[in-house]
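Beneath this line is the structure, given in structure tokens, with notes to follow.
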Amino acid sequence: MQVDHRNVLSGMLVASLASTIGGLPFNSLPLMLGSLADSFGLSAAAVGLLGSICFAGYLIGTLGAPFWINRLNWRVLTLVSAAGTAGSFALSAFVSDLPTLYVAWALIGFFASTMTCLGMRILNDLPNRVRAYGFRLGTELGVTALVLFVLPPLVLAVWKYPGAALALAGVVALLGVSAFWLPSRPALVQEALIDAAPQGAISRASILTMAIFFLFLTGNIGLWAFIERIGAAQAFAPAQMGIVFAVLKLLGGVAGFSLAMWGERLGERKSHILVLSMILIGLALLNSQAGFTAFALGAWIWEFAFTCGCVFQTAAIARTDNTGRAIVLVPAVFACSSMVGPGLAGQLASGGSFGGLLLLALASSLVPAIFYLVWRNKGQGAVIPAN
């Protein structure tokens, strides 16, 4: 059957915009929590708890997604979730008591997670999943980069947190217009599979690939949490660190759109070899302590490879998922690894040395390489059966 490339492109765009609603609160989380601390005079403990509560709401939303994602009208779901996310941001701009602020941020996490899950589910129906998930990531990081570029000088500097919260509410409302171009239900070709599968059932192959992804994320997210500390230990100037992180965000978007252009052309084996090779180079440069150039190049190469690894493994999970229930749990895998990784990394870096942290990232990166390049090809063939 001939593929209508215009429909595929429009499907990727609207699904990516919907998914961006889910990613926006979390990509802007450090900036928003910092402005909260300044605007309300919150303690570090209160700010940290706000972040944890947000992730808890996000995790609750993602865990329930397999049970309702194929049953609800996707257009209505997008409108409700966008309104809930925007409304929760607006609520947080006008409250003055901490308990209500906690509730608002829990709701932000919950409603945003539904949009991430929905975007992942819609992209799962498209023919080229590497391209689809790469396009999604590039769109999400591109919008986020624009928002983070505008917020500090134009909004935070004048109106502090309340202004930033209302601005994000407006961005979410604007993105929510994508609901009118979304499909209302799953693709017709999958309805028989969806109806035949037990409610909430996930294949063994999907569970295995998600477990591999969790291990990959844990060490690398732990490294991400401490990259600034690695640079600070080498006494780099704040302006230098600003350049590093500005380019990191742009590279994430470049990686996503690069994979959107390459699609599946690299093949599974070459894809994982490329990711592991680049991560090894990045970690070696970060460990070299050879000055700012080596540190910056190491961080940038690692970021590009890590982003590519996330896209490749998300596509691998999608290939095992006939009903679209497993793919919506990918954000939950991210949430769980975001809770485990930084804590474990903190323990390894508590003595002031980052060698153990770099080894953790290396070990986490070796897990998918061994699985997809060695064990799976030797014992299971090129593709894991989805049952």
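The values are calculated or read from the model by the stated rules, or taken from the named source; none is laboratory data. Keep in mind that this is a model prediction, so the values were computed, not measured. When we count neighbours, we look across all protein chains shown, and the Cβ atoms used for this are built from the backbone with ideal geometry, even at glycine. In case anyone asks, the SASA skips ligands and DNA or RNA and just uses the protein heavy atoms, side chains included. Shrake-Rupley method; radii C 1.70, N 1.55, O 1.52, S 1.80 Å.
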**Prompt:** Sorted by accessible area (1.4 Å probe), largest first, how do Asp97, Asp321, Asp38 line up?
**Reply:** Asp38, Asp97, Asp321
**Request:** Pop out the ³J(HN,Hα) list for region 353-369 in order, Karplus 6.51 cos²θ - 1.76 cosθ + 1.60 with θ = phi - 60°, rounded to Hz; leave Gly and Pro as x.
**Result:** 9, 9, x, x, 5, 5, 5, 4, 4, 5, 4, 5, 6, 6, 4, x, 4
**Prompt:** Residue-wise, which Karplus ³J(HN,Hα) couplings in Hz belong to region 161-178, taking 6.51 cos²θ - 1.76 cosθ + 1.60, θ = phi - 60°, and x for glycine or proline?
**Reply:** 4, x, x, 5, 5, 5, 5, 5, 4, x, 4, 4, 4, 5, 5, x, 4, 4
**Spin-label pair Ala56/Thr293, simplified geometry with 7 Å Cα→Cβ offset, distance in nm** = 4.9
**Item:** In Hz, Karplus ³J(HN,Hα) per residue of region 108-124 (6.51, -1.76, 1.60; θ = phi - 60°; x = Gly, Pro)
**Value:** 4, x, 5, 5, 5, 4, 5, 6, 4, 4, 5, x, 4, 5, 5, 5, 5
**Prompt:** For Trp68, Trp74, what's the largest-to-smallest order of accessible area, 1.4 Å probe?
**Reply:** Trp68, Trp74
**Request:** Express the relative contact order of region 1-126 as a whole percentage, based on alpha carbon pairs under 8 Å and six or more residues apart in sequence.
**Result:** 45
**Asked** Protein chains only, probe 1.4 Å: how do Lys160, Lys270, Lys249 rank by accessible area, largest first?
**Response** Lys270, Lys160, Lys249
**Message:** Given contacts defined as C-alpha pairs under 8 Å and at least six residues apart, what's the relative contact order of the chain, whole-number percent?
**Reply:** 26
**Message:** With the crude spin-label approximation of a point 7 Å out along Cα→Cβ, what separation in nm comes out for Val247 versus Asp97?
**Reply:** 4.9
**Asked** Roughly how many Å² is the accessible area per residue of the chain, as a whole number, for a 1.4 Å probe?
**Response** 42
**Prompt:** Just from its helices, what would the mean residue ellipticity at 222 nm be for the chain, if runs of 4 or more DSSP H residues each count -39500 (n - 2.57) and the sum is divided by every residue, rounded to the nearest 500 deg cm²/dmol?
**Reply:** -26500 deg cm²/dmol
**Fill in**
Taking R0 as 30 Å and r as the Cβ-Cβ distance between Ser43 and Ala157, the FRET efficiency 1/(1 + (r/R0)^6), rounded to the nearest 0.05, comes to 0.80
